[in-house]
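Structure first, commentary second.
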Amino acid sequence: MNSITLQDLKNKLIELEIELSPFSKEKVSQRKAELGGMPKQLEDYFLTIGWFDEISDSGMGCHMDDLDDLKIETADQIKKDWKVVPESANEKDDYLLIGRESVSVCEFFIKVKDFDMADPTVYTNMEGYPYQIDEDCDTLSKFFDLIALSAEEA
């Protein structure tokens, strides 16, 4: 998987005739405050691309969650939800749920403590394998590429 810029992703979606619905700066700032922060690259995603229905409606591919659906999963919640947490899950950290595979087989997260990173690490949560780094999609910019590939296949 390649790392792509937001502009490249936006251009690809426009080329595929996908209607984008960027959020206002006020809405993004409000949600960022509610979450206690947000990576700059993710903030820019919502200001530039926002939400589009095509991928989630198709039942295929991966997409970013709607701005209002972003949520923090705390370390305490993780310990409660996973009866046996694998060592690699590092249940000492809080995670921001940012996206999912369309039928929710896989979810994508960023560690809250990584909000200041230029291209934060992305973790996946798949059945039986919580909060792992996926080598093919290990950064937010690679997740953008996954969104582009999903849009092409939708």
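The values are calculated or read from the model by the stated rules, or taken from the named source; none is laboratory data. Since the model is a prediction, treat every value here as computed from it, not as a measurement. Glycine also receives a Cβ, built like all others from the backbone with ideal geometry; neighbour counts cover every protein chain displayed. For accessibility, only protein heavy atoms count, side chains too; no ligands or nucleic acids. Shrake-Rupley method; radii C 1.70, N 1.55, O 1.52, S 1.80 Å.
Below are the figures for this structure:
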{"quantity": "Solvent-accessible area, 1.4 Å probe, carbon plus sulfur percent, for the chain", "calculated": "46"}
{"quantity": "Per-residue [θ]222 nm for the chain (sum of -39500 (n - 2.57) over DSSP H runs n ≥ 4, rounded to 500)", "calculated": "-10500 deg cm²/dmol"}
{"quantity": "Under 9 Å, Cβ to Cβ, from LYS113 - net charge with Lys/Arg +1 and Asp/Glu -1", "calculated": "-3"}
{"quantity": "Of LYS113/LYS142; LYS27/LYS142; LYS32/LYS79, pairs whose Cα-Cα distance is over 22 Å", "calculated": "LYS27/LYS142; LYS32/LYS79"}
{"quantity": "Stretchable slack from GLU153 to LYS27, in nm (0.36 nm times residue separation minus alpha-carbon distance)", "calculated": "42.3 nm"}
{"quantity": "On Cα atoms only, tilt of 25-35 relative to the major axis of the chain in degrees", "calculated": "10"}
